[in-house]
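Laboratory data are not the source of any read-out in this text; all were calculated from the coordinates shown. Fair warning: this is a prediction, and the values are worked out from it, not measured in the lab. Note: ideal-geometry Cβ built from the backbone for every residue, glycine included; neighbour counts use all protein chains shown.
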Amino acid sequence: MNRFEFMRNIPIGQYLPVDSVLHRLDPRARLLAVVLVVMALTFAPGLWGLTLGLAAALVCLWLGKIPFKYALRALLAPLPFLLILAVLQVLWNAGPDDPPVLWSWGRLVLTPHDFRFGLALLLRFCGLILFLGIMSYTTSTTQMTQGLNGLLKPLRVLRIPVDDFVMMVQITLRFLPLLALSAERIAKAQAARGADWDSRPGSFFARIRQIVPMLVPLFMTSLHRAENLALAMDARAYGSGPRSTLAELKMQPRDWVCLIVAGLLAAGILFL
């Protein structure tokens, strides 16, 4: 039944309620720390900096008491696409053709510089996926809403609808695992009614033909869920006034330490 477990490969939107150092942090500190590190990983130019970021992600998994096998499983789904992008980066890199030349065929020249570009792409995307997963594993939906509201509160002076933007982010994060869960149910229902889900397709187009019959019911289920959500929000008078929370957020010394460490880590990723 592993072929029907689509949700296990989608880390975004899944929360692990355990007691750890990362879970006890203020959600605003977690959000800012992840943003700093993700921005640094996005613009990091060197392999050593990207390696430092990937090592920091593994340390964060350990601090958050998140099973390594569970977290690394999120890399399996995008891994084929990442490998294709890395191969394209190696073959058509626009960098200088510095010696030594490892292989050449016409205008196609491969050097160690090209392979470094491909490896950097793999490390960059793996680090980004792991840090986004860590943010999702350690932050519940309620904490995400409170953290974003607290960080974006100054924008209300400019009459920007912060509450609506936060609600959009919250619904998007929750929609991904629900979409995977719906896909699981549809695939199991189709297999129970005789659909060919047992044989492994031998080509990419065969795989597409297997998945296409699932798209229409998945699309209709998503529309039905969106309609129910809109009716529920309307019944609860969403948008009728400013929202408030029972527990007010307050930064602790450990939260400031987290931000300082994240800033130093981001600087090390960029300039190592």
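For a quick check: sort 72, 54 by the number of other beta carbons within 10 angstrom, fewest at the front.
In increasing order of surrounding Cβ atoms, one gets 72, 54.
Starting at the first residue of segment 164-175, write each ³J(HN,Hα) from the Karplus equation 6.51 cos²θ - 1.76 cosθ + 1.60 with θ = phi - 60°, in whole Hz, x for Gly and Pro.
So the J values, rounded to whole Hz, are 5, 5, 5, 5, 4, 5, 4, 5, 5, 5, 7, 6.
Please report how far the C-alpha centroid of segment 136-171 lies from that of segment 12-65, rounded to the nearest whole angstrom.
Centre-to-centre (Cα) distance: 19 Å.
Taking H as built 1.01 Å from N, whose amide H comes closer than 5 Å to the amide H of residue 25, not counting residues under 5 places away?
Under 5 Å from the amide H of residue 25 lies no amide H from a residue far enough along the sequence or on another chain.
What's the exposure ranking of 227, 184, going from fewest to most Cβ atoms within 10 Å?
227, 184
List, in order, the whole-Hz ³J(HN,Hα) value for each residue of segment 265-272 obtained from phi through the Karplus relation with A = 6.51, B = -1.76, C = 1.60 and θ = phi - 60°; use x for Gly and Pro.
After applying 6.51 cos²θ - 1.76 cosθ + 1.60, I find 5, 4, 5, x, 5, 7, 10, 5 Hz.
So for 23, 224, fewest C-beta neighbours within 10 Å to most, what's the order?
Neighbour counts put them in this order, fewest first: 224, 23.
Which of the lysines could a cross-linker bridge to residue 250, judged by Cα under 23 Å and excluding same-chain residues fewer than eight apart?
153
What number comes out for the charge environment of residue 25, summing +1 per Lys or Arg and -1 per Asp or Glu over other residues with Cβ under 15 Å away?
In short, +3.
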